[in-house]
Amino acid sequence: MYDILNTPVNYGGLELKNRVIFAPTTLGLPQEEQLERLRAIARGGCAMIIIGDVPVGKHGFGPSLYSKKGFAWYARLTSAIHQEGCLVCAQLHQSDSNVKAMLKYVPGVLTKRISMQELRPLLNQEVGPYITRMPAQKAAAIAESFGEAAVLAQKAGFDMVQVHGDRMCGSFSSAIYNFRTDCYGGAPENRARFAVEAVRAIRRRLPDLPIDYKLAVRQEEPHYGNAGVVEAELPVFVPLLEQAGVTSFHVTLANHGSLTDTIPPANHPYFRGQGCFLKYCDQVRALTKLPVCGVGGLSDPAFIADQITAGRIDCAAMSRQLIADPAWPEKVFSGREQDIHRCVRCNKACLGGMMAHQGVHCIYERKASV
């Protein structure tokens, strides 16, 4: 059943053995536990794992490709995933957090006057001034660092890179955050410049490397997401990114709002259904012939197979479902659908665990340990 899910596909120059991708996820786990989690997901049959938030700078959050220890970690990770017959992609990431602005909230967090839920919107308020006041030379240098990081990522064993189109790329793209009056601000073409320069920096150094782009889409009426590209501006951004060297698009809702919007639970007022972000894929599909990967509450194999057959998406990315059951692909491909631990999108131990700084887990893990 669902043969289309288990068919190979050329995803932007990279040959995938099937259509299932593990979406980039901040797991928040100790390295050894993270390694075993990702190894299990690779062993479960998905075609590619995207490692989220790989810093493009030398001093970003998380392990650095530029340090001996950080590079060794990524090399070990890619080797372990490859040993399970799975490909691996590095999501190149540049934070748009204003570190100096963050420091003023530290006392409130330490004394618990500011909760982690309250901290997020406070930090988001600092993004606009940070992006708007950044010197153009610094913006250009950061964009250039995507190319340097991609070279190191390839050396560490990554098969593909994904440019994180939310975070700094998304904030430069967004008229909500970007009030610049220079070549990086104003018209959509200018707000796209930072992302385009980041992609070009990679393509110039690595002419043949597949480059995925996480295209974060901001929605209005009703309003969801603050960074990223508003739907009406997709006809500007998509061709510019393709011309710069992007070979595939990973399409999702823009961030910098509530995490329960970008990681929506089953009772979300707007994004409650299967494939809740696929309408953005439809819009991107109409603008490019490049492969498109969809994400958003995907867990039902029949539904996903129908979307691929209909041509809405080429691949399906999922995170919570593969955390709930890493063997989802293997069970689907072997006709053991009844054995799947189905994600119910409760967000209790996954998003809840991340927010509580306990790492991403699943309620099924808790049940198994009782």
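The values are calculated or read from the model by the stated rules, or taken from the named source; none is laboratory data. Bear in mind that the values here come from a model prediction, so they are computed numbers and not experimental data. Every residue, glycine among them, receives a Cβ derived from its backbone with ideal geometry; neighbour counts consider all protein chains shown.
A few notes on this one:
- Test result for Ala139, buried (at least 20 other Cβ atoms within 10 Å of the Cβ), closer than 29 Å to His357 by Cα, touching a helix residue (DSSP H, G or I) at 6+ places or on another chain (Cβ under 7 Å) and at pLDDT 95 or above: no
- Taken over the range 259-270, the criterion of being surrounded by 15 or more Cβ atoms within 10 Å (Cβ to Cβ), free of Cβ contacts under 8 Å to residues at least 40 places away in the same chain and either of a type in the set (Gly, Ala, Ser) or in a loop (DSSP other than H, G, I, E, B) (or both) is satisfied by His268 alone.
- Odd one out for Glu84 among (1) in contact with an Asp or Glu (Cβ under 8 Å, 6 or more places away or on another chain); (2) farther than 25 Å from Asn255 by Cα; (3) at pLDDT 95 or above: (1)
- For the range 180-187, the criterion of being on the phi < 0 side of the Ramachandran plot, surrounded by 15 or more Cβ atoms within 10 Å (Cβ to Cβ) and of a type in the set (Val, Ile, Thr) is met by no residue.
- The residue list Arg312, Arg342 contains one member that is surrounded by fewer than 24 Cβ atoms within 10 Å (Cβ to Cβ), within 25 Å of Ala254 (Cβ to Cβ) and not β-branched (Val, Ile, Thr), which is Arg312.
- Glu36 vs. criteria at pLDDT 95 or above and of a type in the set (Asp, Glu): yes
- Of the candidates Ser258, Ser369, the single residue that is among the polar types (S, T, N, Q), within 20 Å of the chain's Cα centre (by Cα) and modelled with pLDDT under 95 is Ser258.
- Residues located in the range 239-258, provided they are under 24 Å from Val127 (Cα atoms) and crowded, with 20+ Cβ neighbours inside 10 Å: Leu241, His250, Val251, Thr252, Leu253, Ala254, Asn255, His256
- Members of the range 1-48 that are touching a helix residue (DSSP H, G or I) at 6+ places or on another chain (Cβ under 6 Å) and basic (Lys, Arg): Arg19, Arg39
- Residue within the range 263-274 that is closer than 30 Å to Ala201 by Cα and out of contact with any Lys or Arg (no Cβ under 6 Å at 6 or more places or on another chain) present: no
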